[in-house]
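Student: Quick one: the structure is below, questions incoming.
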Amino acid sequence: MLPSDVCGVDCFWEAALRYSVKRQPVEEMHLAVVACGERLEETMTMLKSALIFSIKPLRFHVFAEDQLHDSFKVRLDSWSFLQTFNYTLYPITFPSENAAEWKKLFKPCASQRLFLPLILKEVDSLLYVDTDILFLRPVDDIWSLLKKFNSTQIAAMAPEHEEPRIGWYNRFARHPYYGKTGVNSGVMLMNMTRMRRKYFKNDMTTVRLQWGDILMPLLKKYKLNITWGDQDLLNIMFFHNPESLFVFPCQWNYRPDHCIYGSNCQEAEEEGIFILHGNRGVYHDDKQPAFRAVYEALRNCSFEDDNVYSLLKPLELELQKTVHTYCGKIYKIFIKQLTRSVRDRYDRPPKER
């Protein structure tokens, strides 16, 4: 006779449930970046800003020139103690028959992002960012916007401009572009499963084309008319397929254009900047010292809790020195969300972390 305390069928199912809950994989957030030339340090600072605040684990997809791979590996491996991310390094690759043409489009390697849905075939959703991005709140928050896509939306970007009077596309573009002022592709959230499946309307043929089939014909038609390379091609594509784009507000992709002639991103004034985009090299010159101050604070920050928390006061003092510029006059928006992110993530008793 079996002992009386041996589990019956109910206990079997309870044990099975416990096992399945334990073994359920935690969702990874996939973040991609393309780095060429002198962009190693800038890219590492971007990745650090993603890691400092994010909650769910991250999977980095780093596309880089071959000569940068060893440096990336050494730097990323030195962060392995965090156990909150994994990474994969990839070479820069373009379709072989037109590789030279794609390489010389706009900046070296920039058009690599167009091929991410075709290269990362096993990845369902992805956040692509330029190297000059800084996360001032958890990646989890922009990742959650994927759940807000309706059934036709495949990607999300922010407008290129809020103020049409200083807009580039509406004043100078010689090709179709999305909406009133175009969209900026420096922060691009993608449901790549939908992108691979979709057939896109276009102005080259009455037949709808899939992502992998539409890129080269688009380039051939518009290569003499585009200025900003792959971003222009994305604008053309979403001009013809506007129902496919989810547009998020400017504080998710805040650039010098939002303050260089006076503040024109109302959402950032109200809530602070969520993602800072230091395009035009402003992290490395003296043209926009407010942007540079935030970059240097995060670049010099380590992962220790006290170090992250202690960056706030010195950064605010540095930002106060920038009030002679239009962006510096509103310096509080540069630190508003960052302060909240630091306090939410690090200002808790250790057992709650």
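Student: Could you pull the Rg and Dmax for region 261-353, using just the Cα atoms, both in Å?
Tutor: When restricted to the Cα atoms of region 261-353, Rg and Dmax are 13.8, 46 Å.
Student: Still on this structure, please answer the following. For region 254-309, restrict the atom set to alpha-carbon positions and state the Rg and Dmax in Å.
Tutor: Gyration radius and largest Cα-Cα distance of region 254-309: 12.7, 37 Å.
Student: So if I take the alpha carbon set of region 36-85, get Rg, then get Rh from the Kirkwood formula, what is the Rg over Rh ratio?
Tutor: In region 36-85, Rg relative to Rh is 0.95.
Student: Taking 30 Å as the cut-off for C-alpha to C-alpha distance, list the pairs among LYS56/LYS103; LYS220/LYS287; LYS103/LYS201; LYS147/LYS321; LYS180/LYS313 that go past it.
Tutor: LYS56/LYS103; LYS220/LYS287; LYS147/LYS321; LYS180/LYS313
Student: A further question on this structure: Before rounding to the nearest 500, sum -39500 (n - 2.57) across all DSSP H runs of length at least 4 in the chain and divide by the residue total; then give [θ] at 222 nm in deg cm²/dmol.
Tutor: Helix-only estimate at 222 nm: -10500 deg cm²/dmol.
Student: Return the loop-located trypsin sites (Lys or Arg not before Pro) in region 228-325 (DSSP other than H, G, I, E, B) with at most 15 other Cβ atoms within 10 Å of their own Cβ; answer none if there are none. Can you show the working numbers first?
Tutor: On the way: sites: ARG280, LYS287, ARG292, ARG299, LYS321; in loops: LYS287, LYS321.
Sites meeting the loop and neighbour criteria: LYS287, LYS321.
Student: Stretch TRP79-ASN279 to full length: gain in nm at 0.36 nm per residue minus the Cα-Cα span?
Tutor: Values: separation 200, 0.36 × 200 = 72.00 nm, distance 2.65 nm.
Value of the extension gain: 69.4 nm.
Student: Further question: So what's the Cα pair-distance distribution over region 29-248, bin width 5 Å, in %?
Tutor: With a bin width of 5 Å, the distribution comes to 1, 6, 15, 18, 20, 17, 12, 6, 3, 1, 0.
Student: Using alpha carbons only, what's the Rg to Rh ratio of region 203-336 with Rh from Kirkwood?
Tutor: Numbers: Rg = 19.5 Å, Rh = 17.5 Å.
In region 203-336, Rg relative to Rh is 1.11.
Student: Now for a different question. Using only the alpha-carbon atoms of region 219-276, report the extent along each of the three principal axes, biggest first, to the nearest angstrom.
Tutor: Result, largest extent first: 42, 26, 15 Å.
Student: Work out how much length GLU27 to PHE172 would gain on full extension: take 0.36 nm times their residue separation and subtract the Cα-Cα distance, in nm to one decimal.
Tutor: Working: separation 145, 0.36 × 145 = 52.20 nm, distance 4.26 nm.
That works out to 47.9 nm of additional length.
Student: Sticking with this one: Between region 160-201 and region 290-332, how far is it from one alpha carbon centroid to the other, in angstrom?
Tutor: 31
Student: Follow-up question, since we're still on this one. Restricting to DSSP loop positions (anything but H, G, I, E, B) with no more than 16 other Cβ atoms inside 10 Å of their own Cβ, which trypsin sites (Lys or Arg not before Pro) remain in region 92-192? Write down the numbers at each step before the final one.
Tutor: Numbers: sites: LYS103, LYS104, ARG113, LYS121, LYS147, LYS148, ARG165, ARG171, ARG174, LYS180; in loops: LYS104, LYS121, ARG174, LYS180.
When the trypsin sites (Lys or Arg not before Pro) of region 92-192 are filtered for loop state and at most 16 Cβ neighbours within 10 Å, LYS104, LYS121, ARG174, LYS180 remain.
Student: Just tell me the longest site-free run in the chain, where the sites are GluC sites (Glu not before Pro) in a DSSP loop having at most 16 other beta-carbon atoms within 10 Å. Intermediate results must be reported in sequence, preceding the final value.
Tutor: Values: sites that count: GLU27, GLU28, GLU38, GLU65, GLU122, GLU304.
Free of exposed loop sites, the longest segment is 123-303.
Read the figures in this text as sums done on the coordinates, not as results from a lab. A quick note: this is a predicted structure, and the numbers were derived from the prediction, not measured. Backbone-built Cβ (ideal geometry, glycine too); neighbour counts: all protein chains shown.
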